[in-house]
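First up is the structure itself, then whatever we jot down about it.
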Amino acid sequence: MIFDAALAGTPTASWEEDARLHDRPPLDLEHVSQLIVIAAHPDDETLGAGALLAECASRGIPTRVIVVTDGAASHPGDASTASRREAEVGAAVAVLAPGSRLDLLGFADGQTEKSRDAIVAALTPVIAAVPRGALIACPWRGDGHRDHRVVGEIVAELAVASSGAPRLIEYPIWLWHWGDARTADVPWSRFVSLAVTSDAKRRAIAEHTSQVEGASPVLRTDFLSHFTRDTEFFIAADGLGAAYFEETYQRHDDPWGFESRWYEQRKRAVTMAALPEPRFARALEIGCSIGVLTADLVSRCDELIAVDIAEAAVQATRDRVGPTVDVRHLDIGRDVPAGPFDLIVLSEVGYYFDRAALDDLLRKLQASLTPTGTLLACHWRHPVIGYPLSGDDVHERIGELGFARMTLVLDDDFLLEVFSADERSVAARGGLL
């Protein structure tokens, strides 16, 4: 990987040639209560999230920028670099979001791994105190640069633990330089886009004079061209990833009491009763866990694919249902089995995604349904610390994407809805009307 902007990297035109760069879903800012941009170095906030800062400021959304290191490694041996870069980032943030709070933590550039515990201690009270509806933007953990990775990992871990349940997006910087649009390193399914609506970002980049000026600038014009496009890109965080669920199953074979709790038994009975057809030709169950609902669904499906992100859950389901079900270990956010399906069951899964990732998944599911296919969604309604969304949030997003609802079960504890392009009732489908 190339982490020197003075060396030639992937041309901007190479990225622009890939159609996927131009059809990424938009970043939703409608319900954002506060924006916090966390940067590994001074100028990361401008390059990676400058347009986002400017857009939120224009909407009256409170903004805050936190820069973790002093950036002094850009000019080794020059004692004035840290103070110079401090002044530059202050000027840049003033251009992007006038009045924004700016915090400079001052950790040594290039030493974030050694300073990890201290960085965690500095960021913990900030992220723990974020309000509901906050959006946090931080460096992409896959960017390759060690400081970006470490800061991104810390922020992601703290965001999951925060009671404010903030949305997390990550901005790539070095990916554009060392990456290739054609390789598997690019998480296309999680990309979201933001249109650049002002010249504030260009003006803010110019404020980082130590990086962009001189006979041999640290950031060359061809490198900067990745950040002066008319669109800014972010990577929606994984939400609660595979490690979270693997650790959960290590602690308990049946973490949610599917086999032991009457609540779960009742909810499964309601789920099965809500299915509008006695039998389905081809079905997909997302998040099968240990396969208790899977065992009920198989009696109503000619072919059933059940998937889960945790290997332990997949093995438990296989042990329960045997070869009658195609049970797959995969991350549904990145790999949706090939359709078409006339039934998709999304039960107790949607709130593990953030809003952008959920929207991306729902669009893929919508495209995977047959013209008269059914989507059944069921989710717990009470708040859970660390979940990116609530159950009600999930169902609101489904409705906003144009799914037609034919059944609603509104319980104090769970929300169950059946959506279908075939809007006829069960009685009408059965010829009673």
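Odds and ends about this structure:
- For segment 317-340, the tally of residues that are buried (at least 18 other Cβ atoms within 10 Å of the Cβ), at pLDDT below 95 and hydrophobic (A, V, I, L, M, F, W, C) stands at 2.
- If the condition is being under 16 Å from Ile235 (Cβ atoms), buried (at least 22 other Cβ atoms within 10 Å of the Cβ) and of a type outside the set (Gly, Ala, Ser), then segment 129-154 contributes Leu135, Ile136, Cys138, Pro139, Trp140, Asp143, His145, His148, Val151.
- Those residues of segment 409-433 which are in a strand (DSSP E or B) and farther than 18 Å from Leu343 by Cβ, in sequence order: Leu410, Phe414, Leu415
- Residue in segment 281-289 that is surrounded by fewer than 20 Cβ atoms within 10 Å (Cβ to Cβ) and of a type outside the set (D, E, K, R) present: yes
- Only residues that are farther than 30 Å from Glu17 by Cβ and either at pLDDT 90 or above or surrounded by fewer than 22 Cβ atoms within 10 Å (Cβ to Cβ) (or both) were counted in segment 155-180, giving 8.
- Residue under evaluation Leu389, criteria (1) modelled with pLDDT of 85 or more; (2) closer than 30 Å to Val160 by Cα, criterion not met: (1)
- The residues on offer are Val298, Val292, and the sole one that is at pLDDT 95 or above and either farther than 22 Å from Ala338 by Cα or not assigned by TED's automatic domain parsing to the domain that holds Leu358 (or both) is Val292.
- In segment 201-241, residue modelled with the lowest pLDDT [restricted to those that are hydrophobic (A, V, I, L, M, F, W, C) and farther than 30 Å from Ala79 by Cα]: Leu240
- For segment 353-375, residues that are surrounded by fewer than 24 Cβ atoms within 10 Å (Cβ to Cβ) and of a type in the set (Phe, Trp, Tyr) total 0.
- Qualifying residue in segment 174-186 (condition: assigned by TED's automatic domain parsing to the domain that holds Ile61, free of Cβ contacts under 8 Å to residues at least 12 places away in the same chain, closer than 14 Å to Ile235 by Cα and part of a loop (DSSP other than H, G, I, E, B)): yes
- Residue that is nearest to Leu35 (Cα to Cα) [pool: residues in segment 87-116 that are surrounded by fewer than 18 Cβ atoms within 10 Å (Cβ to Cβ) and charged (D, E, K, R)]: Arg101
- In segment 35-81, the residue that is surrounded by the most Cβ atoms within 10 Å (Cβ to Cβ) out of those that are at pLDDT below 95 and either among the hydrophobic types (A, V, I, L, M, F, W, C) or closer than 24 Å to Pro388 by Cα (or both) is Ala72.
So that you can scan it fast, the table gives a plain yes or no per residue for (1) of a type outside the set (D, E, K, R); (2) under 26 Å from Ser83 (Cβ atoms); (3) under 15 Å from the mean Cα position of the chain (by Cα):
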| residue | (1), (2), (3) |
| --- | --- |
| Gly110 | yes, yes, no |
| Ala118 | yes, yes, no |
| Thr124 | yes, no, no |
| Ala129 | yes, no, no |
| Asp143 | no, no, no |
| Asp147 | no, yes, no |
| Gly152 | yes, no, yes |
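- If the condition is being touching a residue at least 40 places away in the same chain (Cβ under 8 Å) and in a loop (DSSP other than H, G, I, E, B), then segment 112-148 contributes Thr112, Val130, Pro131, Arg132, Gly133, Trp140, Gly142, Gly144, His145.
- Number of the exception - Glu303 against (1) more than 21 Å from Leu362 (Cβ to Cβ); (2) in a helix (DSSP H, G or I): (2)
- Of the residues making up segment 260-308, those that are among the small types (Gly, Ala, Ser) and touching a residue at least 12 places away in the same chain (Cβ under 8 Å) number 8.
- Residues being surrounded by 18 or more Cβ atoms within 10 Å (Cβ to Cβ) and in a strand (DSSP E or B) - total across segment 395-408: 1
The values are calculated or read from the model by the stated rules, or taken from the named source; none is laboratory data. What you are looking at is a predicted structure, and each value in this text was computed from that prediction instead of being measured. Reconstructed Cβ throughout: ideal geometry from the backbone, glycine too, with neighbour counts over all protein chains shown.
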